[in-house]
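> Before we start, here is the structure in question, set down as structure tokens.
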Amino acid sequence: MADAIIRAALESHLVAMADLPEARKFEGQPFAAPGNQPWLKVGLAPGAATVVAFGAGGIVRRQGAFAIELNEPVDGGRGLAHIERLADALAAHFRPGAALSRDGLVVRIARTQRGAVAETANRLSLTVSAEYFCDCPNS
């Protein structure tokens, strides 16, 4: 249940950002990549869960990464400068220290990093990853 709340908090924070491509692929939802339009794909990679407080009212710290893959068509797209500007804006939006509240939990961004640009015959892609943690009741 906690992972679903964490995912919802991160996805809500993402869609609140201006200037994102309209075409978006979220996990578990059908999607067809648009032919010659930019799009993004998101994924949650839950990691370790560690008990940080035992006993009544115990706390489990859940950690992981939220990956946002930006995709820009080579033909008809806005190019390398655009995808890099968007990646920088995403990194600023998911700034370390940000606290995202959802359904009684607070997801905190610990670190954000931008990957290298990858190029195929028809598109550029670049992934921004936000590492997070969330202290959840151990119930």
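> I'd like to know which of Thr127, Leu90, Leu100 lies farthest towards the positive end of the charge dipole of the chain, counting +1 on Cβ of Lys and Arg and -1 on Cβ of Asp and Glu.
Final value for the positive-end residue is Leu100.
> Angle, helix 2-15 long axis vs. longest principal axis of the chain, Cα atoms, 0 to 90°, nearest 10?
40 degrees
> Further question: Counting Lys and Arg as +1 and Asp and Glu as -1, each charge on the Cβ, what is the dipole of the chain about the Cα centre in debye, to the nearest 20?
Computed charge dipole of the chain: roughly 280 debye.
> Using a Gaussian network model on the chain with a 10 Å cutoff between Cα atoms, which of Gly28, Gly115, Gly43 fluctuates the most?
Gly28
> Using the alpha-carbon atoms, what tilt in degrees (0 to 90, nearest 10) does helix 80-93 show relative to the longest principal axis of the chain?
That helix lies at roughly 20 degrees to the long axis.
> For the pair Ala89 and Ala49, how long in nm is the line joining their label points, each one 7 Å along Cα→Cβ?
3.6 nm
> Continuing with this model, one more query. With a cut-off of 11 Å, note down the residues of segment 58-79 whose backbone N falls inside the zone around a label point 7 Å from the Cα of Ala23 toward its beta carbon.
Only 71-74, 77 pass the distance filter.
> Name the residue, out of Ile109, Ile59, Ile83, whose mean-square fluctuation peaks in a Gaussian network model built on the chain with Cα pairs under 10 Å.
The residue that fluctuates most here is Ile59.
> Pairs of alpha-carbon atoms within less than 8 angstrom and 6+ residues apart define the contacts here; what relative contact order does the chain have, in percent?
26 percent
> Here is a further query. If amide H atoms are built 1.01 Å from N in the plane of the peptide, which residues on other chains or at least 5 residues away come under 5 Å of the amide H of Ala53?
The list, which skips near neighbours in sequence, is Ile59.
> Just to check I understand the Karplus step: with θ = phi - 60° and J = 6.51 cos²θ - 1.76 cosθ + 1.60, what whole-Hz values come out for segment 39-50, glycine and proline as x?
Values per residue, Gly and Pro as x: 7, 10, 10, 10, x, 9, 10, x, x, 5, 10, 10 Hz.
> Among Phe26, Phe66, what is the fewest-to-most ranking by other Cβ atoms within 10 Å?
Final ranking by Cβ density, sparse to dense: Phe26, Phe66.
Where a number appears in this text, it was derived from the coordinates with a stated rule and is not lab data. What you see is a predicted model; the values in this text were computed from it and never measured. Here Cβ is always computed from backbone atoms with ideal geometry, including for glycine, and neighbour counts include all displayed protein chains.
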